[in-house]
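Enquirer: Sharing a structure with you now.
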Amino acid sequence: MNRFEVAFTNAGYGALTVVPRLSLNASGGQLLVLLGSNGAGKTTSLRAAVGTVRTTARTVKLDGEELSRLNAWQLARRAIAFVPDGARCFANASVIDNLTGALEALRPKATQAERQLLFETVFDLFPVLRERRQQLAGSMSGGQRQMLAISRGLMMEPRVLILDEPSAGLAPKRVEEVFEALGRIKAENNCAIVMAEQNVAAAMSIADRCLILSEGHVVTEGSIDEVRNDPRLRVAYLGL
Ligand SMILES: Nc1ncnc2c1ncn2[C@@H]1O[C@H](COP(=O)(O)OP(=O)(O)OP(=O)(O)O)[C@@H](O)[C@H]1O
Ligand SMILES: [Mg+2]
């Protein structure tokens, strides 16, 4: 099923509370997008969800199983992948070494055949990575590094994939490629995807549901159609 549920209160830094309360959920085969302008609290919310930002109470469940006490690393081992913003990879390592590193960390017992299959899966999603598998990540374009960062997350065959602004800094064509791949991951792997985005139009083209944040508060949560057809939201928050 892959039903992912998170709720937390008082996400923030030191004495500063950025997101007083938030709950979100996504089921397998569904993509939830968090929208909101700069500083709205999208990154803080995603990081609070995986436990790398302070909260006062946090519950995390996957198919009803209580995972609230697990940290980001332990969640990753439970197939809940977090791909942070900034297309982070090891710049001085090749594409294949970046992927192998993620595999070693998350699935050290994977057999050679399993590794090969996983590499082929991500190379089918992002063919440019196959062509450039010996290239140093740091010498690739932002779009290619984003594809690699997502692929590192895919090494754990995620049941839940959490992404922070995967389109940031990418040329429109690359955004299209990345989002098309996310659509495939969602559908083919029955993965639940939660994604923060500022690229409203592109995000809404692949999302099923949307949550809008403004200054740390949830303005609305609903299906893409509901949100798209609400003139108040369109003008005030979506710039559509
Ligand atoms: N490490 C930090 N320490 C203190 N305050 C922070 C920290 N990170 C973010 N903030 C503050 O929290 C608020 C929300 O930031 P956050 O990064 O969550 O927003 P965002 O919606 O992801 O914005 P963007 O679209 O720019 O990525 C901002 O006011 C920001 O200044
Ligand atoms: Mg952010």
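Read the figures in this text as sums done on the coordinates, not as results from a lab. Please read all numbers here as calculations on a predicted model, not as lab measurements. Please note: Cβ atoms are built from the backbone with ideal geometry, for glycine as well, and neighbour counts cover all protein chains shown.
Enquirer: Please state the equivalent ellipsoid semi-axes for region 94-226: what are the square roots of 5 times the Cα gyration tensor eigenvalues, largest first, in whole Å? Don't skip to the answer; put the middle values down first.
Expert: Working: eigenvalues 157, 57, 33 Å².
Each semi-axis is the square root of five times an eigenvalue, giving 28, 17, 13 Å.
Enquirer: Going by amide H atoms built from the backbone, whose H comes under 5 Å of the H on residue 94, apart from near neighbours?
Expert: So residue 94 has HN proximity to 137.
Enquirer: Using a cut-off of 23 Å between alpha-carbon atoms, which lysines can reach residue 61, once sequence neighbours fewer than 8 places away in the same chain are excluded?
Expert: Here the lysines satisfying the reach criterion relative to residue 61 are 42, 186.
Enquirer: Here's a follow-up. Using square roots of five times the C-alpha gyration tensor eigenvalues, list the equivalent-ellipsoid semi-axes of region 137-195 in whole Å, biggest first. Mind showing how you got there, number by number?
Expert: Numbers: eigenvalues 76, 32, 17 Å².
Calculated on Cα positions only, the semi-axes equal 19, 13, 9 Å.
Enquirer: Tell me the Rg and the Dmax, in Å, that the Cα atoms of the chain produce.
Expert: Gyration radius and largest Cα-Cα distance of the chain: 17.4, 54 Å.
Enquirer: Could you check the spin-label model distance between residue 121 and residue 176? Points 7 Å from the Cα along Cα→Cβ, value in nm.
Expert: 2.7 nm
Enquirer: Grab the beta carbon distance between residue 21 and residue 112, set R0 = 35 Å, and tell me the FRET efficiency rounded to 0.05. Intermediate results must be reported in sequence, preceding the final value.
Expert: Values: r = 47 Å, r/R0 = 1.34.
It comes to 0.15.
Enquirer: Also: Compute the long axis of helix 112-125 from its Cα atoms, compare it with the longest principal axis of the Cα atoms of the chain, and write down the angle in degrees, 0 to 90, nearest 10.
Expert: Result, in degrees: 60.
Enquirer: Give the shape of region 66-169 as rounded, prolate or oblate, defined through the alpha-carbon gyration tensor: a ≥ b ≥ c are the square roots of its eigenvalues, a/c under 1.5 means rounded, and otherwise the shape is prolate if a/b is larger than b/c and oblate if not.
Expert: Values: a/c = 1.91, a/b = 1.26, b/c = 1.52.
Oblate shape, in that a/c is at least 1.5 and b/c is the bigger or equal ratio.
Enquirer: Mind ordering 32-44, 129-141 by average Cβ neighbours within 10 Å, highest first?
Expert: Top to bottom by mean Cβ count within 10 Å: 32-44, 129-141.
Enquirer: Quote the FRET efficiency, to the nearest 0.05, computed for residue 88 versus residue 226 with a Förster distance R0 of 41 Å and r equal to the Cβ-Cβ distance. Walk me through the numbers on the way to the answer.
Expert: On the way: r = 34 Å, r/R0 = 0.82.
Efficiency at R0 = 41 Å is approximately 0.75.
Enquirer: Lys and Arg at +1, Asp and Glu at -1: add these up for the other residues within a Cβ distance under 12 Å of residue 65 and post the number.
Expert: Values: positive: 3, 61, 69, 78, 159; negative: 5, 63, 66.
Combined, the nearby Lys, Arg, Asp and Glu give +2.
Enquirer: Determine, for each peptide in 179-192, 98-111, 62-75, the mean count of other beta carbons within 10 angstrom over its residues, then list the peptides with the highest first.
Expert: Values: 179-192: 18.1, 98-111: 15.6, 62-75: 13.6.
Highest to lowest by the protection proxy: 179-192, 98-111, 62-75.
Enquirer: I need the Debye-formula profile for region 26-111: one equal scatterer per C-alpha, no solvent, reported as log10 I(q)/I(0) at q = 0.16, 0.23, 0.24 1/Å, two decimals.
Expert: -0.84, -1.29, -1.31
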